[in-house]
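Worksheet for the structure shown next.
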Amino acid sequence: MTDDIDQRARARLRADESGPRRRLSLVDAAAEFARHPSPWLIGTTLVGAVTARIVVGDWRLWDTLLPFVMLAVFPFFEWVVHVVILHWRPRRIGALTIDPLLSRKHREHHTDPRDVPLVFIPWPVLLWLLPLVTAIALFAFSRTGLGLTYLCVVAALGLVYEWTHYLIHSDYVPRTRAYRAVWRNHRLHHYKNEHYWFTVTTTGTADRVLGTYPDPAAVAKSPSVKDLHRRDPLSDPLAG
């Protein structure tokens with residue numbers, strides 16, 4: 001599978017270098033975005049959560065405060081997931097190999113950052129993740145209304161993440177200073193060094209706090225930026 005992705009990536013690179021790349025409009029980008037299952041699964045959850053939240057009512061102060069708390073925490077959550085899960089190094093425990101689907105797909109994504117399906121959260125993951133988040137919303141909060149507020153924000157953040165991540169890897173050209181900063185931050189992670197610049201939807205907010213936002217000029221290009229955990233018999237627990 002990895003060899004096939006690598007071959008497609010090389011073919012895509014040759015095609016990109018053979019002529020000018022077309023500019024993608026936001027309308028065209030949205031049309032492509034809507035062709036993939038992840039936005040539909042998350043969007044359906046969002047519509048259901050918003051509808052249920054309106055029906056339940058019972059609005060209180062925490063329904064206003066919780067979204068701001070979640071917005072403040074999200075860049076750090078995003079950073080932790082990226083570092084700990086997406087960049088997970090496969091491990092063996094006896095005969096069992098621990099290598100989650102999210103981690104495998106993210107390695108493929110680094111191999112070919114322009115392969116659109118690999119940009120999105122894998123839909124098999126969402127088939128268990130979205131019900132889990134819904135269960136947390138319904139059973140982990142003191143009020144159903146507050147849990148549904150949480151679910152609305154989680155789904156909205158998920159859609160924002162998917163859209164931002166997709167747009168960064170598309171041919172859409174940044175037209176605002178704010179988006180260009182976000183675009184540049186994530187592309188440094190993919191094309192400069194995979195050990196830095198882990199945030200996706202913000203301008204390196206968590207990276208700045210957690211020490212993974214160096215001056216790009218001071219960072220060497222990583223030889224494994226497109227081949228995470230390069231197979232080395234001395235360091236790879238799965239090699240040999």
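Helix 123-139 sits at what angle to the longest principal axis of the chain, using alpha carbons and giving 0 to 90 degrees rounded to 10?
30
Determine, from the Cβ-Cβ distance of Arg143 and Arg23 and an R0 of 51 Å, the FRET efficiency 1/(1 + (r/R0)^6), rounded to the nearest 0.05.
Here the calculated transfer efficiency is 0.60.
Grab the Cα-Cα distance for Ser224 and Ile54, subtract it from 0.36 nm times how many residues apart they are, and report the gain in nm with one decimal.
56.4 nm
What's the exposure ranking of Ser170, Ser142, Ser224, Ser38, going from fewest to most Cβ atoms within 10 Å?
Ser142, Ser224, Ser170, Ser38
For the chain, what's the relative contact order in percent, using C-alpha pairs closer than 8 Å and at least 6 residues apart? Walk me through the numbers before you get to the answer.
Values: 257 pairs, mean separation 61.2, N = 240.
Answer for the chain is 26 percent.
What does the convex hull of the Cα atoms come to per residue for the range 25-175, in Å³?
141
What distance in nm separates the simple spin-label points at Val80 and Leu101, each placed 7 Å from Cα in the Cβ direction?
Those two pseudo-labels are separated by 2.3 nm.
Any idea what angle helix 177-191 forms with the longest principal axis of the chain, computed on alpha-carbon atoms, 0 to 90 degrees, nearest 10?
Taking the Cα atoms of the chain, the angle to 177-191 is about 50 degrees.
What angle, in degrees between 0 and 90 and rounded to the nearest 10, separates the Cα long axis of helix 2-17 from the longest principal axis of the Cα atoms of the chain?
Long axis of 2-17 versus the principal axis of the chain: about 80 degrees.
Within 10 Å, count the other beta carbons around each residue, average over each peptide in 39-52, 83-96, 63-76, and list them highest first.
Per-residue mean Cβ counts within 10 Å order the peptides as 39-52, 63-76, 83-96.
Helix-derived [θ] at 222 nm for the chain: sum -39500 (n - 2.57) over DSSP H runs of at least 4, divide by residue count, nearest 500? Let's see the in-between values first.
Values: 9 runs with 139 residues, N = 240.
Mean residue ellipticity at 222 nm (helix-derived): -19000 deg cm²/dmol.
Taken together, the values in this text are just the output of simple stated rules run on the coordinates, not laboratory data. Predicted, not measured: the structure shown is a model, and the values here were computed from it. So basically every Cβ, Gly included, is an ideal-geometry build from the backbone, and we count neighbours across all protein chains shown.
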